[in-house]
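Undergrad: Structure incoming, see below.
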Amino acid sequence: MSTSRTALAVALAVPVLLLPSGSAAAAPGEVVSAPLSDLVSALPLENEGPRDGYSREQFKHWIDADRDGCNTRNEVLLRDAVTAPQVTGRCTIVADTGVWKSWYDETTQTDKFDVDIDHMVPLGEAWDSGAAAWSAAERQAYANDLDDPRSLLAVHDSANQSKADRDPAEWMPPAANAACRYISDWVTVKTRWGLSVDAAEHAAIQRITATCNNPVISVTLAR
């Protein structure tokens, strides 16, 4: 765990608390709560090198972790639907039966094939930010993180494809009112998984955060 995260730690279920530098680092399973600007300041700042060795296959995703018949993609489709789709068998979502609203671009989809499941911090960006050194099990857990709804979300496929593996210095959602939510969720996921930011990304996050109302963010650390 990066030493820059030692400034943030709380006991489970305890409200906002920032510990001074040098205090014991927060551990996986503990809850960090702090204003967004403080979480931004605590993100480890690292250079991102060439994306050597990366492929999406390094992050096994869309697994059925609880063996209920629904893989991760379908779990998010069902969770995020504003009108529930029809489901047959154990977890087959019938096409053209649900409704999803994509806050990235303020569009509505009625066909599951027009909906992508976005990793808030994309897999390639996660690789660049620390996940290259993780175990295969850790990368699988990241790619299928249903424990924090900010990690994965159902969005319009065209918006997700436009985003690709880019960070907030390179891409932001086009919807006018999406910026603060997007940055809050981005910082949450980076904090949750102990991922770093590069200089351009950090500057963009700081710039956008300054336009927001600095909400208190609570996040359970995954690692």
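The values are calculated or read from the model by the stated rules, or taken from the named source; none is laboratory data. Model, not experiment: these values are computed from the prediction. Here the Cβ positions follow ideal geometry from the backbone for every residue, glycine too, while neighbour counts run over all protein chains shown. Only protein heavy atoms, including side chains, enter the accessible area calculation; ligands, DNA and RNA are left aside. Shrake-Rupley method; radii C 1.70, N 1.55, O 1.52, S 1.80 Å.
Undergrad: Give the long-range amide H neighbours of LEU45: residues separated by 5 or more places, or on another chain, with amide H under 5 Å away, using H modelled in the peptide plane at 1.01 Å from N.
TA: Amide H neighbours of LEU45: VAL197.
Undergrad: Which order do peptides 81-90, 182-191 fall in by mean Cβ count within 10 Å, highest first?
TA: Working: 81-90: 12.6, 182-191: 22.4.
Packing proxy ranking, top to bottom: 182-191, 81-90.
Undergrad: As I understand it, the dipole of the stretch 172-223 uses +1 on the Cβ of Lys and Arg and -1 on the Cβ of Asp and Glu, about the Cα centre. Which of LEU221, CYS180, ALA203 lies farthest toward its positive end?
TA: Of LEU221, CYS180, ALA203, it is LEU221.
Undergrad: Using a 1.4 Å probe on the protein heavy atoms only, what accessible surface does MET172 show? Give it in Å² to the nearest 10.
TA: 50
Undergrad: For the stretch 37-100, which semi-axes, largest first and in whole Å, follow from the square roots of 5 times the eigenvalues of its Cα gyration tensor? Let's see the in-between values first.
TA: Details: eigenvalues 237, 67, 26 Å².
Equivalent-ellipsoid dimensions as semi-axes: 34, 18, 11 Å.
Undergrad: Using just the Cα positions, wrap the stretch 79-176 in a convex hull and report its mean projected area in square nanometres, one decimal place.
TA: Its average projected convex-hull area is 7.2 nm².
Undergrad: Which Rg and Dmax, in Å, describe the Cα atoms of the chain?
TA: Using the Cα atoms of the chain, the pair Rg, Dmax is 17.6, 54 Å.
Undergrad: Amide H of LYS60 versus every other amide H placed in the peptide plane: which residues, excluding those fewer than 5 positions away on the same chain, fall under 5 Å?
TA: GLN140
Undergrad: While we're on this one: What list of ³J(HN,Hα) couplings, whole Hz, do you get for the stretch 38-47 from phi and the Karplus terms 6.51, -1.76, 1.60, once you set θ to phi - 60° and write x for glycine and proline?
TA: 6, 5, 4, 4, 8, 5, x, 9, 9, 6
Undergrad: Moving to a separate point now. Charges only on Cβ, +1 for Lys and Arg, -1 for Asp and Glu: so what's the dipole of the stretch 173-223 about the Cα centre, in debye to the nearest 20?
TA: Working: 5 positive and 3 negative charges, 26 e Å.
So the dipole magnitude of the stretch 173-223 works out to roughly 120 debye.
Undergrad: Related question: Any chance you could run the full-extension gain for ALA210 through ARG90? It's 0.36 nm times the residue separation minus the Cα-Cα distance, nm to one decimal. Write out the running numbers ahead of the final one.
TA: Details: separation 120, 0.36 × 120 = 43.20 nm, distance 4.61 nm.
Full-extension gain reported as 38.6 nm.
Undergrad: With a sphere of radius 11 Å drawn around the Cβ of ASP148, what net charge do the other residues whose Cβ falls strictly inside it have (Lys, Arg +1; Asp, Glu -1)?
TA: Combined, the nearby Lys, Arg, Asp and Glu give -1.
Undergrad: Sticking with this structure for a sec: Using r as the Cβ-Cβ distance of THR97 and TRP62, and R0 as 30 Å, what FRET efficiency do you calculate, to the nearest 0.05?
TA: Calculated transfer efficiency: 0.90.
Undergrad: On the protein heavy atoms, probe 1.4 angstrom, tell me the percent of accessible surface of the chain carried by carbon and sulfur. Intermediate results must be reported in sequence, preceding the final value.
TA: Working: 5250 of 10270 Å².
Carbon plus sulfur share of accessible area: 51 percent.
Undergrad: Cα extents of the stretch 149-223 along the three principal axes, largest first, in whole Å?
TA: That works out to 31, 25, 23 Å along the principal axes.
Undergrad: How much net charge surrounds GLU138 when only the other residues with a Cβ under 12 Å from the Cβ of GLU138 are counted, with Lys and Arg +1 and Asp and Glu -1?
TA: Value of the local net charge: +2.
Undergrad: Rank these by accessible area, largest first, 1.4 Å probe: VAL115, VAL31.
TA: These residues rank, largest area first, as VAL31, VAL115.
Undergrad: Enumerate the calculated ³J(HN,Hα) couplings along the stretch 200-215 in order (Karplus 6.51 cos²θ - 1.76 cosθ + 1.60, θ = phi - 60°), each rounded to whole Hz, writing x wherever the residue is Gly or Pro.
TA: 5, 4, 4, 4, 5, 4, 4, 4, 6, 4, 5, 8, 9, 8, 6, x
Undergrad: Quick one: accessible area per residue over the chain, 1.4 Å probe, rounded to a whole number of Å²?
TA: Accessible area per residue: 46 Å².
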